[in-house]
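Below is one structure, written out as structure tokens, with a few remarks after it.
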Amino acid sequence: MRISKKIAVAIPAALAIAGAGVVVAIPDAGAAQTSQVVTANPHQRGPDPTPETVRAPQGTFAFSTYSVPASVTGFGQGTIYYPDDTTQGTFAGVAISPGYTGPEASVAWLGPRLASRGFVVITITTNSRYDQPTSRGKQLLAALDYLTKQSPTEVRQRLDATRLGVMGHSMGGGGALYAAYKRPSLKAAVPLAPWNLIKNWSGIRVPTLVVAGTADKTASAGAHSLPFYSSMTGARERAFADVTGADHLTFVREDPVIGALAVSWLKRFLDDDTRYAPFITEPVGLSRFLCSCPYAG
């Protein structure tokens with residue numbers, strides 16, 4: 001059964017188009033003139049970011065939701081969050097998986113955070129709560145295929161199928177690594193506290209941000225995130241962030257540091273929005289940060 005709900009963001013509507021372009025006068029067959037919006041980056045969405053806005057739980061776009069039924073194939077079920085706006089072109093898409101035994105609700109905080117900043121987001125329930133990382137990676141790819149081919153018209157008309165990314169927590173983060181390896185056409189991956197027995201990801205070409213927590217005893221940086229990052233020699237754009245004080249469950253609820261990192265990485269690589277580069281290269285709230293950093297500009 002489909003459920004669609006409008007969710008308004010309490011920010012003046014005028015701000016939603018700030019920074020989207022510059023209005024210039026174009027001559028029209030002589031003296032008459034019309035206004036046209038010209039943008040250096042056609043994928044740039046939303047106002048100029050600040051340290052406060054990237055850390056805030058929500059951005060400037062109002063959004064709606066759609067409940068994906070359990071009858072879907074390839075993954076369990078899910079929820080789609082998508083911007084209401086149809087005036088600024090299409091938006092990039094992101095699929096997000098929970099971790100081992102985790103429900104979809106454990107990654108639900110990322111839906112509003114990302115959709116309100118101009119992304120079409122699908123958070124999924126996995127086929128089984130006990131699915132391993134490779135299975136979760138395949139389900140992430142199935143969710144992206146659902147977004148691009150089978151989701152409702154109001155979703156697909158807002159989605160740019162050429163700009164897609166993946167995220168996940170714990171084994172879902174390990175699944176995001178697999179999805180990035182399996183589908184190099186993806187534009188971004190953000191594994192959160194990822195867990196995977198496979199340590200060599202040299203085959204990944206997708207820009208990938210691996211986020212760990214200093215207090216995580218389940219998927220410690222030393223045993224998981226750092227080896228993953230170090231192995232990704234094939235990815236020109238990659239980064240490792242160790243969030244101060246974060247344990248494994250910090251990643252299943254709204255967090256300004258983790259949220260800001262995820263938003264900034266996805267904006268930079270799904271939207272090619274260099275306005276967010278400083279929030280990657282000069283992050284706050286971290287005990288360690290490593291990067292290849294050719295993406296700074």
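Each value in this text was obtained by applying a stated rule to the coordinates, not by laboratory testing. A quick note: this is a predicted structure, and the numbers were derived from the prediction, not measured. Cβ: placed from backbone, ideal geometry, glycine included. Neighbour counts: every protein chain shown.
General observations
- Fewest-first ranking of 249, 197, 290, 266, using other Cβ atoms within 10 Å as the exposure measure: 197, 290, 249, 266
- Net charge of the neighbourhood of residue 245, taken over other residues with C-beta under 14 Å away and scored Lys/Arg +1, Asp/Glu -1, is -1.
- 0 to 90° range, to nearest 10: angle between helix 133-149 axis and the chain longest Cα axis: 20
- Residues 48, 131, 242, sorted so that the one with the fewest Cβ neighbours within 10 Å comes first: 48, 242, 131
- Given 149/199; 149/182; 138/199, the pairs whose alpha carbons are separated by over 24 Å: 149/199
- For residue 92, the residues whose amide H sits under 5 Å from its own are 120, 160, ignoring neighbours fewer than 5 places away on the same chain, with H placed 1.01 Å from N.
- Taking amide H as placed 1.01 Å from N in the peptide plane, residue 286 has its amide H under 5 Å from the amide H of 244, each at least 5 places away in sequence or on another chain.
- For residue 238, the residues whose amide H sits under 5 Å from its own are 208, 292, 293, ignoring neighbours fewer than 5 places away on the same chain, with H placed 1.01 Å from N.
- Residue-wise HN-Hα couplings along segment 189-202, as the Karplus relation 6.51 cos²θ - 1.76 cosθ + 1.60 with θ = phi - 60° gives them from phi, are 9, 9, x, 9, 6, x, 10, 6, 6, 7, 9, 9, 10, 5 Hz; Gly and Pro carry x.
- Going from the residue with the fewest nearby Cβ atoms within 10 Å to the one with the most, 185, 97 rank 185, 97.
- Sorted on the mean count of surrounding Cβ atoms within 10 Å across their residues, most packed first, peptides 254-262, 145-153, 160-168 read 160-168, 254-262, 145-153.
- Here's the picture: charge each Lys and Arg Cβ at +1 and each Asp and Glu Cβ at -1 in segment 4-296, and of 251, 223, 291 the one pushed furthest to the positive end of that dipole is 223.
- Working note: Cα atoms of segment 4-296, range along each principal axis, descending, whole Å: 68, 43, 34.
- For segment 204-210, the Karplus equation 6.51 cos²θ - 1.76 cosθ + 1.60, evaluated at θ = phi - 60°, returns couplings of 6, 10, 6, x, 10, 10, 9 Hz by residue, with Gly and Pro reported as x.
- Per-residue 3J(HN,Hα) values for segment 65-75, derived from phi via the Karplus relation 6.51 cos²θ - 1.76 cosθ + 1.60 with θ = phi - 60°, read 10, 9, 8, 7, x, 5, 6, 4, 9, x, 7 Hz in sequence order (x marks Gly and Pro).
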